[in-house]
Structures are given as structure tokens and as C-alpha cells.
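Enquirer: The structure is given below, and queries will be raised subsequently.
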Amino acid sequence: MNSLIACAIQMVSGPDVASNLSHAARLIASAAAAGAQLIVLPEYFAIMGQSDRDKLAHQEPYQEPCQADHQADHQADYQAAPLQHFLATQAREHQIWLVGGTIPLVSGQPDKVMNSCLAYNPAGECVARYDKIHLFGFANGSECFAEADTICAGQQPVAFDTPFGRIGLAVCYDLRFPELFRSMDTVGEVDIWVLPAAFTATTGRAHWEVLLRARAIENQCFVVASGQGGVHPSGRATFGHSMLIDPWGVVLDVLPEGEGLALAELKATQLHRVRTILPALKHRVF
């Protein structure tokens, strides 16, 4: 791994896609101006609707990389996939590695979408797609969430290579399933896990930081977690606390709530030191 400056963007997205994209573009520009080379947007950055079904109206077909290269030149491609066009353009204009939170992609089922995390290189090429595997279900009397009602579950863990090291993709509720982060037969040894999220305020207060730090410690890797953080127009409250964590479990930077940036240098020397002095990954038995 090589050292880099990474940024977790925090948003309080609403039902207006154009407004959300405008906020995201401004935050991406601020992060890039601050020197960020890897920028992560939160889950549902483009739309947090009044209801869970609102995202169905904004689903778009996945643009294969060979198609995405030409999105800027073809109005039809833009109309078919405006969210992917936005992400590709932002990555290219700012010359950054951009992890596009999640966007709704066509699933093949008319009443459900894929909740997909796309990663782009500085040329604006989509280099990885991860469809959220674990779908959130929660009911405590006052709050009820059932992502499986409107989302199809993904099947495959995903990681990709960059000049900074190997990056793994996970989304929100995935955080509670450590076996995903240990799927080394599939994704290999990961240096940085990124986790776009929209953790509820209730579950976030109880579990968000401790789970993120656990994933960093047990996998001896950096974690960049980008969240929604505030009260949304629908009344839903998300926990925020976007943060970057080092392989020893130290929180490098955190933004408690509201729109903004959490930014830190991810030092290759720290990753090497932790894996050398306590080579737990090599000591695994199972």
C-alpha cells in the first residue's frame, strides 16, 4: 500500500435528486481542493425519499465500462444513466478515485432495485460494482425498516486494486457481518475497506463506532465510513459520525453530524507496522 489522503463525505440527502447532486458536487470539490485522492459518498447520496419506494423512479441500467467511457458524448447515455454520468464526470474532472455511495440500479424485478456501490478511477471509468448483500430489517415499535421490500440482495463480495492498495466495498448493514470482511478467498487481502452508510440514529448510537473499529482492528486495515447524518425531510434520523479509522483501531477523523467532510492521511507505514508487530492475519487457523 502507498499512503494517500482519503475523505468520507457526509450528507443529509432528501427526495430532490438535483439538489442532492448539487450538494455532492460541492462537497467533492471541497474534498479534492483539500488534497483528497480517494473520496467516498454516503449510501443513498442521490435520493433519500419520503418513502422507500421513491428510489424506484430513479433506477437506471448499469452502464458497462466500455459504455461509460462515452457517456459525456452521448445525450442518450446521460438520459438513461444520469447518476452514473454524474459520478464518472466528478471523478474525471477532479482526477480522483471516487466511491459513489449507492445508487438504485435496475434489478430485473419491476418492484425492486439493486442498491449498488460503484467505484470510479480518475479517468472516469467504473472499475468496480458492488451490490449490497445484507438488507437491513429493523422494528422496535417506533421505527420499522425492511429493505428487502424494495431491494434485491447482491451475491458477491467485491474489491479492486488502486495505486494506493486494494480497496474493499461494503455498505451500511454489511458492517454487522464480519465474515464479509474476511472473504479473502474471493476478494484477497484488503488494505482499505470503504463503507457508505445511512445508519439509523438509534442503531448508530449503540453500535456504529464499535463495529467500525472492530472491522479495522480484526482485519488490520483502514476503514473509511461515509454516512448520512441528520434529520431528513421524511423525518428519518440518521446517525452520521462519518469517520476514518487506522489498522490499530484509532479514529483519525470524525464528523458527528450535518453535511461536511471527514479527512485524514492513510499512512502506509502504519499499515505495515501493525501487520508486522502483530501478524494476526497470518495466525488465522480457520
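The values are calculated or read from the model by the stated rules, or taken from the named source; none is laboratory data. Because the structure is predicted, anything quoted here is derived from the model rather than measured. Positions of Cβ are backbone-derived with ideal geometry, glycine not excepted, and every protein chain shown enters the neighbour counts.
Enquirer: Could you figure out which of (1) in contact with a Cys (Cβ under 9 Å, 6 or more places away or on another chain); (2) under 19 Å from residue 60 (Cβ atoms) isn't true of residue 127?
Expert: (1)
Enquirer: Could you look through the stretch 1-19, keep only residues that are more than 16 Å from the chain's Cα centre (by Cα) and surrounded by 16 or more Cβ atoms within 10 Å (Cβ to Cβ), and pick out the one that is nearest to residue 254 (Cα to Cα)? Even if it seems obvious, please write down each step before you answer.
Expert: Just the residues of the stretch 1-19 that are more than 16 Å from the chain's Cα centre (by Cα), to begin with: 1-5, 14-19.
Applying the additional criterion that residues be surrounded by 16 or more Cβ atoms within 10 Å (Cβ to Cβ) yields 1, 4-5, 14-15, 17.
Working: 1: 23, 4: 17, 5: 14, 14: 22, 15: 26, 17: 26 Å.
Top of the filtered list is 5.
Enquirer: Looking at 78, 120, can you tell me which residue is of a type outside the set (A, V, I, L, M, F, W, C) and at pLDDT 95 or above? Don't jump to the end; show me each part of the working.
Expert: Details: 78 fails: at pLDDT 95 or above.
One residue alone meets the criteria, 120.
Enquirer: Based on what the data block shows, is residue 195 assigned to a strand (DSSP E or B), among the hydrophobic types (A, V, I, L, M, F, W, C), surrounded by 17 or more Cβ atoms within 10 Å (Cβ to Cβ) and at pLDDT 95 or above?
Expert: On the way: assigned to a strand (DSSP E or B): yes; among the hydrophobic types (A, V, I, L, M, F, W, C): yes; surrounded by 17 or more Cβ atoms within 10 Å (Cβ to Cβ): yes; at pLDDT 95 or above: yes.
Judged against the criteria, residue 195 is a match.
Yes/no per residue for (1) surrounded by 17 or more Cβ atoms within 10 Å (Cβ to Cβ); (2) more than 19 Å from the chain's Cα centre (by Cα); (3) of a type outside the set (Gly, Ala, Ser); (4) part of a loop (DSSP other than H, G, I, E, B):
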position: 179; (1), (2), (3), (4): no, no, yes, no
position: 218; (1), (2), (3), (4): no, yes, yes, no
position: 264; (1), (2), (3), (4): yes, no, no, no
position: 270; (1), (2), (3), (4): yes, yes, yes, no
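Enquirer: Taking the condition of being basic (Lys, Arg) and touching a Leu at 6+ places or on another chain (Cβ under 7 Å), how many residues in the stretch 140-180 meet it? Spell out how you get there, then give the answer.
Expert: Pass one, the stretch 140-180, residues basic (Lys, Arg): 166, 176.
Narrowing further to those that are touching a Leu at 6+ places or on another chain (Cβ under 7 Å): 176.
Residues meeting the conditions: 1.
Enquirer: Does the stretch 123-135 hold any residues that are modelled with pLDDT of 95 or more and closer than 12 Å to residue 154 by Cα, and which are they? Spell out how you get there, then give the answer.
Expert: Residues of the stretch 123-135 modelled with pLDDT of 95 or more: 123-133.
Across the stretch 123-135, the qualifying residues are 129, 130, 131, 132, 133.
Condition check ((1) farther than 22 Å from residue 228 by Cβ; (2) of a type in the set (Gly, Ala, Ser); (3) crowded, with 20+ Cβ neighbours inside 10 Å) across all residues:
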| residue | (1), (2), (3) |
| --- | --- |
| 111 | yes, no, no |
| 119 | no, yes, yes |
| 124 | yes, yes, yes |
| 134 | no, no, no |
| 148 | no, yes, no |
| 161 | yes, no, no |
| 168 | no, yes, yes |
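Enquirer: Take the stretch 220-254 and flag every residue that is outside any strand (DSSP E or B) and touching a Phe, Trp or Tyr at 6+ places or on another chain (Cβ under 7 Å).
Expert: Of the stretch 220-254, the ones outside any strand (DSSP E or B) are 220-221, 229-230, 232-236, 239-241, 246-250.
If the condition is that a residue be outside any strand (DSSP E or B) and touching a Phe, Trp or Tyr at 6+ places or on another chain (Cβ under 7 Å), then 221, 229, 239, 241, 246, 247 are the ones that fit.
Enquirer: Could you count how many residues in the stretch 127-169 are assigned to a loop (DSSP other than H, G, I, E, B) and under 20 Å from residue 271 (Cα atoms)? Show your work before the answer.
Expert: If we filter the stretch 127-169 for residues that are assigned to a loop (DSSP other than H, G, I, E, B), which is where we start, we get 132-136, 140-143, 150, 153-157, 163-164.
Next, from what is left, pick out any that are under 20 Å from residue 271 (Cα atoms): 163-164.
Going through the stretch 127-169 one residue at a time, the tally reaches 2.
Enquirer: Tell me which residues, restricted to the stretch 147-165, are in contact (Cβ under 8 Å) with a residue 60 or more places away in the chain and touching a strand residue (DSSP E or B) at 6+ places or on another chain (Cβ under 9 Å).
Expert: 147, 150, 162, 163, 164, 165
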